[in-house]
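Here's the structure we're looking at; comments come further down.
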Amino acid sequence: MKILLILLFFFYNAYAIITIAPVDIGEKPGFSGMLKGSFETKRGNTDLDNYSAGLRVQYDNNSSYVVWSDFVFSYGMTSGVKNTNKTYAHLRYIHALYEKSINWESFIQSETNEFTKVKHRFLGGGGIRFQNRETVWGKIHAGVGVFYEDIAYTTRLDPNEKSLRINTYFAYTKNFTKESSLSYVFYYQPKADEFSDYITSHGLELNIYVYKQLYINVVFYYDYDSVPAVGVKKEDVTQKTSFIFKF
């Protein structure tokens, strides 16, 4: 049965995005992780190839800190024409300042996306995160900080960017059962010296327990970049459904 579930997980028609629900100190002590992936091929009336994989690894010392990292890769072609090619890697360290309700956090991140003309985007930063104790109404996280970013574009029309951005976010999580939950996160990231240049992101996620370590994950994203690369739309809307295997 376990082999069958793992096979279903890998061949389900979905794109990998690691879960967006915030990570808390003491939530899952020790080493843990989760895996997403998909592979889809069509031939005949439609020629299509989609490949995607995502991995999260995490260590929680159950008292003062948690560290986790995400790795995501997606690639796709339709009728021999490439339509997806992007990577994402993120490493974050969270340490308790006052019990577990106030934390400081630091992170580094790397991204590439051929279809938003991003050759690479490197960033690093940190800040303070606040959270309330979980109630019957759910749990709230809020964070504020800064990060430095270095962006290189694939087109010569866009100069490389090196800038400092303010990072603010709000997250809400409601657990319906011990293993199933609904999460929402909002990011607002303006340039420190030019507030008209900003990035916002809304994410909504439903995580449903299926069997043992297997979950169904549905996410919806709405991203907005006020000053994207030349020829790139300001808005991106994404909906993805996939299986998660936790370990």
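Considering Cα pairs under 8 angstrom that are at least six residues apart, work out the relative contact order of segment 2-246 and quote it in whole percent.
Averaging sequence separation for qualifying contacts and normalising by length gives 14 percent for segment 2-246.
Per 0.36 nm of contour for each residue apart, how much would the distance between V227 and Y198 grow if the chain were fully extended, relative to their Cα-Cα spacing?
9.7 nm
What length, rounded to one decimal in nm, is gained on full extension from K82 through to Y65, with 0.36 nm per residue of separation minus their alpha-carbon distance?
2.0 nm
Equivalent ellipsoid semi-axes for the chain, as square roots of 5 times the alpha carbon gyration tensor eigenvalues: give them largest first, rounded to whole Å.
28, 27, 15
Measure off 7 Å from each Cα along the Cα-to-Cβ vector at K28 and K234, then give the distance between these two points in nanometres to one decimal.
3.8 nm
So between E134 and W104, what do we pick up on full extension, going 0.36 nm a residue minus the alpha carbon distance?
Contour length minus the Cα-Cα distance gives 8.9 nm.
No lab work stands behind these numbers, since they all come straight from the coordinates. Model, not experiment: these values are computed from the prediction. Virtual Cβ from ideal backbone geometry, glycine too; neighbours counted across all protein chains shown.
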